[in-house]
Amino acid sequence: MKNYYELSMSDKLTKEDIKEILLETNPEVLDEIYKQSYKMKENTVGKKVYYRGIIEFSNICAKDCFYCGIRKSQESVDRFSMSEDEILEMAKWACDNNYGSVALQSGEIQSEEFTQRVESVLCKIKELSDGKLGVTLSLGEQSRETYERWYKAGGHRYLLRIETTNPELYAKMHPSDSLHSWHTRVECLKNLRDIGYQVGTGVMIGLPFQTLDDLVADIQFFKDMDIDMIGMGPYVYSQDTPFAKFYENTKENRDKAFELGLKMIAAGRLYLKDINIAATTALQALHPLGREKGLKAGANILMPIITLQQYRSKYQLYDNKPCIDDTPEHCKACLSGRIKSVGD
Ligand code: 5AD
């Protein structure tokens with residue numbers, strides 16, 4: 001087999017090579033590929049795993065994305081929005097437990113009230129942590145002005161998945177209205193970069209109608225957009241969503257999506273070398289050792305859920321989301337065990 005590591009080191013790894021990696025199904029060859037991508041991780045970003053504790057502070061969402069379990073039209077979802085004190089309690093917990101950074105995530109709301117609320121939380125997190133706790137925002141598409149205000153208030157990283165870089169596939173996954181425009185999303189990513197954020201993006205992997213060429217283009221997009229962090233994970237069946245009818249939720253399909261998720265991490269690591277890549281919760285939803293395997297394939301970031309326990313079951317983007325019965329303490333202990341088991 002090819003030595004993708006050497007090819008990449010001499011800048012000769014091509015898009016055809018990436019496709020070859022994504023096509024591979026032989027377990028022995030795949031193991032060898034993961035060894036190569038792990039070596040790339042060791043020699044670029046190292047074996048240190050960075051934590052971004054996720055606080056999912058509201059599931060109220062104005063969007064109606066066809067694949068998502070908390071989309072606006074999902075009537076069975078019990079909507080919640082945490083108080084500022086609750087959010088700050090979790091940020092304090094993260095700080096006391098030596099997390100370097102938290103990620104504030106919620107459904108997408110565009111309003112002056114929401115903008116102000118996030119601004120205020122950002123200022124207070126800075127205060128309570130003496131400016132030490134980094135904050136990543138994952139609050140969807142917003143106006144440039146809103147992004148600027150949040151940046152000034154202390155949010156210096158932003159995670160906004162493009163979901164897919166194929167506009168036609170994007171159109172199949174979303175209602176066709178101005179709230180769900182692929183071009184707006186790209187515009188948002190450019191604005192974020194322009195303002196000075198460290199920008200993370202990503203895609204879902206194994207979506208109905210998605211081709212391997214789409215995924216190769218996704219990796220190329222991360223490179224062309226000079227992205228700092230990739231958060232990508234397998235598409236996971238989400239009952240009662242419009243997209244569920246296009247996906248047969250069999251073990252075989254789940255295993256395939258999981259393996260493709262790992263191959264995307266490996267290919268991303270080999271192609272982009274020193275980028276940050278998250279081993280996402282969706283991997284864990286499809287395999288009990290999902291995140292460990294993600295780290296082994298080349299990921300270097302974990303996003304432990306630190307949301308207060310009583311809200312976790314209400315933030316189900318997809319079925320079988322892991323850790324919803326856990327507390328932040330459980331997640332912390334569990335993840336450090338998982339990291340050590342990999343040797344990171
Ligand atoms: N499967 C996997 N990931 C999903 N997301 C939303 N719904 C699903 C699903 N069914 C992801 C999207 C979004 C992130 C917050 O959650 O990529 O950007």
The computed P(r) of the range 69-168 puts the percent of Cα pairs beyond 18 Å at 51
Here, the range 169-242 modelled as identical Cα point scatterers in vacuum has Debye log10 I(q)/I(0) at q = 0.16, 0.20, 0.27 Å⁻¹ of -0.68, -1.03, -1.38
Expected unfolding gain across Asp224-Gln198 under the 0.36 nm per residue rule, minus the alpha-carbon gap, is 7.9 nm
Per the range 1-96, sqrt(5λ) over the Cα gyration tensor eigenvalues, sorted largest first, in Å, gives 41, 22, 11
Sparse-neighbourhood loop hits (GluC sites (Glu not before Pro), the range 38-92; DSSP loop; Cβ within 10 Å at most 15 others) -> Glu75
Expected unfolding gain across Lys251-Ile324 under the 0.36 nm per residue rule, minus the alpha-carbon gap, is 24.1 nm
With the range 211-344 reduced to its Cα atoms and the Debye formula applied, log10 I(q)/I(0) at q = 0.09, 0.14, 0.19 1/Å amounts to -0.28, -0.69, -1.18
Net charge near Asn191 (other residues with Cβ under 12 Å of its Cβ; Lys, Arg +1; Asp, Glu -1) is -1
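Starting from 0.36 nm per residue, how many nanometres of slack lie between Lys172 and Glu32 once their C-alpha separation is accounted for?
Details: separation 140, 0.36 × 140 = 50.40 nm, distance 3.58 nm.
Working it through step by step, the gained length comes to 46.8 nm.
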accessible surface per residue for the range 271-330, probe 1.4 Å, DNA/RNA/ligands not counted, whole Å² -> 35
Measure of exposure for Arg149: accessible area at 1.4 Å probe, Å² rounded to 10, is 50
With the convex hull built on the alpha-carbon atoms of the chain, volume per residue in Å³ sits at 125
For the range 200-259, the per residue accessible area (1.4 Å probe, Å²) is 42
Dividing the mean separation of Cα pairs under 8 Å (6+ apart) by the residue count of the range 18-103 yields a relative contact order in percent of 30
Carbon and sulfur atoms account, in whole percent of the 1.4 Å probe accessible area of the chain, for 49
By the rule of no other cysteine beta carbon under 4.7 Å, the lone cysteines of the chain are Cys61, Cys95, Cys123, Cys188, Cys323, Cys331, Cys334
About its Cα centre, the chain carries a charge dipole, from +1 on Lys and Arg Cβ atoms and -1 on Asp and Glu Cβ atoms, whose size in debye to the nearest 20 is 640
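Calculate for the chain the 222 nm mean residue ellipticity that helices alone would give, adding -39,500 (n - 2.57) per DSSP H run of length 4 or more and normalising by residue count, nearest 500 deg cm²/dmol.
Numbers: 14 runs with 162 residues, N = 344.
Taken over the chain, the calculation gives -14500 deg cm²/dmol.
The values are calculated or read from the model by the stated rules, or taken from the named source; none is laboratory data. Predicted model, so just to flag it, every value in this text is computed and none were measured. Methodologically, a virtual Cβ is constructed for each residue, glycine included, from the backbone with ideal geometry; neighbour enumeration extends over all protein chains shown. For the accessible areas, the whole protein counts, side chains as well, though only heavy atoms, and no ligand, DNA or RNA atoms are used. Shrake-Rupley method; radii C 1.70, N 1.55, O 1.52, S 1.80 Å.
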